[in-house]
Each structure stands twice: as structure tokens, then as C-alpha cells.
1. Val170 to His56: FRET efficiency via 1/(1 + (r/R0)^6), r the Cβ-Cβ distance, R0 22 Å, to the nearest 0.05?
2. How many angstrom lie between the C-alpha centres of the range 159-186 and the range 48-74?
3. Under 21 Å from the Cα of Lys175, which lysines turn up, not counting those fewer than eight places away in the same chain?
4. Using only helices, what value at 222 nm comes out for the chain when you add -39,500 (n - 2.57) per DSSP H run of length 4 or more and divide by the total residues, to the nearest 500 deg cm²/dmol?
5. Give the long-range amide H neighbours of Phe144: residues separated by 5 or more places, or on another chain, with amide H under 5 Å away, using H modelled in the peptide plane at 1.01 Å from N.
6. Can you order the peptides 153-159, 164-170 by their average number of other Cβ atoms within 10 Å per residue, highest first?
7. Under a crude label model (7 Å from the Cα following the beta-carbon direction), how far is Val161 from Ser196 in nanometres?
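What follows is calculated from the coordinates using simple rules that are stated; it is not laboratory data. Here the structure is a predicted model, which means the values were calculated and not measured. Here Cβ is always computed from backbone atoms with ideal geometry, including for glycine, and neighbour counts include all displayed protein chains.
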Amino acid sequence: MFSLRNSAKIGLKLWNNRSIASLSALSETHQMLQKTCRDFADNELIPIAAKIDREHLYPAEQIQKMGELGLMAVAVSEKYGGTGLDYVAYAIAMEEISRGCASAGVIMSVNNSLYLGPIERYGSEAQKEQFVAGFTDGKRVGCFALSEPGNGSDAGAASTVASLKGDRWVLNGNKCWITNAYEAESAVVFATTDKSMKHKGISAFIVPRNAPGFSLGKKEDKLGIRGSSTAQLIF
């Protein structure tokens with residue numbers, strides 16, 4: 001695990017007020033993180049990358065080791081089991097891990113940015129304790145469900161709806177092209193709660209994988225990054 005303390009600003013000033021990152025300008029913490037991730041990619045990911053892509057294998061052992069290194073929750077607060085680093089550290093880690101195995105990089109990215117990130121920022125304390133703290137060590141991962149068969153990232157065109165039935169929300173609809181679908185034990189799902197409010201009537205729900213009525217479609221057969229599953233979520 002890493003801890004960021006008073007990291008140095010990075011970048012060398014160039015013309016027109018532009019800047020470019022320089023390894024020598026990285027803080028000691030960032031340089032140590034980069035070396036750790038580079039060594040991990042060389043030793044743990046590159047040797048198995050072709051096999052997991054060819055055979056559609058989820059690299060569970062490697063993902064758990066990445067969790068032990070703090071890479072599955074790089075920018076998440078230490079309070080919830082994250083590493084507590086900044087987004088420079090996250091970018092460095094992503095670059096090195098993705099160099100070793102694109103599938104591992106995508107799995108890591110979705111768990112960090114699209115699953116943990118929104119819940120830590122907007123979730124309640126109870127939600128953070130259950131759905132963030134339990135997904136930082138690589139043993140469990142989450143996914144993010146916005147796209148649908150009839151639309152891509154246009155949230156306003158989403159047809160999945162959520163209706164309040166007593167004290168429970170009931171979701172109906174399909175989400176497609178969902179990364180980590182088969183491995184995820186929880187999903188951040190977007191659904192319309194009030195069509196009259198258009199895009200303002202869309203809410204995000206945390207849906208555990210074992211929720212009644214939640215099922216998966218078939219795995220997509222992709223041209224690459226096949227160690228990371230992609231499939232429909234059906235509600």
C-alpha cells in the first residue's frame with residue numbers, strides 16, 4: 001500500500017504555458033509506485049496476457065494481487081480501505097498495468113473510476129461502508145451500467161425505469177456492453193425515476209449481484225480485451 005504525503009508538483013514548463021511530465025519531476029512516492037507497477041506488469045501480467053485474451057479467462061489471481069498492492073482502489077480514501085493516492089498516481093498505475101495486460105487495466109479502471117469513484121463521492125456513509133470498503137482488495141469488483149441496446153452514453157435516452165414499490169425500488173430494463181459484468185458482485189445502474197423531468201429524472205442505484213430479478217446476458221465475443229467480460233445486465 002502507498003501513502004501520498006506532500007507530493008511534488010510535476011511538469012516542466014514549455015512554450016505557450018504548456019507542460020510535459022518528466023520522470024525526474026515525479027515525487028518519490030510516484031516513482032516508487034511506477035516501479036512497483038512496472039515490475040508487477042513484467043512479472044505477473046505479460047507472461048499470461050496472451051493466454052487470458054485467447055481463452056477469455058478472468059485473471060482472478062492477478063487482480064487479487066493488484067488489490068493487495070492497493071491498485072484496485074488507488075484514489076479511494078484509506079478510511080474505506082483504499083490507497084488514498086491522487087489521480088497522478090492512478091494514471092501512472094493505469095499506464096503500467098495496461099502495458100502488461102489490457103484486460104487487467106480495464107478491470108482495474110472500471111472498479112476504480114466507474115464503480116468506487118461515484119459511490120465514494122455521492123453515496124451515503126452506509127453505502128460506502130458496504131459497497132466501497134468491500135471492493136478495494138481485489139477479491140470483489142464492481143461494474144457501471146449506463147449504456148443500453150438503443151443508446152450508448154446518452155443517459156437522457158435511457159429506457160430502463162425504476163419504480164418505488166413500498167420501501168423498495170424495482171428496476172426494469174436492459175443494460176448492454178457492461179465491462180466486468182460476469183465478475184462484478186455489485187453494479188452502479190442508471191434508471192429513469194421520473195420521465196417528466198427528462199435527464200433530471202435519472203438516478204443511480206447500487207444493485208448487488210444477488211438482487212432478485214437481476215440476471216446476465218451472454219458474454220460478448222470481442223476482438224480483444226477478452227480477459228474482461230462484457231455482457232448485458234437484465235432487470
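1. Values: r = 33 Å, r/R0 = 1.49.
Calculated value: 0.10.
2. Centre-to-centre (Cα) distance: 26 Å.
3. Within the straight-line limit of under 21 Å, Lys175 reaches these lysines: Lys195, Lys198, Lys200, Lys218, Lys219, Lys222.
4. Numbers: 7 runs with 66 residues, N = 235.
The per-residue figure over the chain is -8000 deg cm²/dmol.
5. Residues meeting the amide H criterion: Thr179, Val188.
6. Details: 153-159: 13.0, 164-170: 9.3.
Output ranking for 153-159, 164-170: 153-159, 164-170.
7. 1.4
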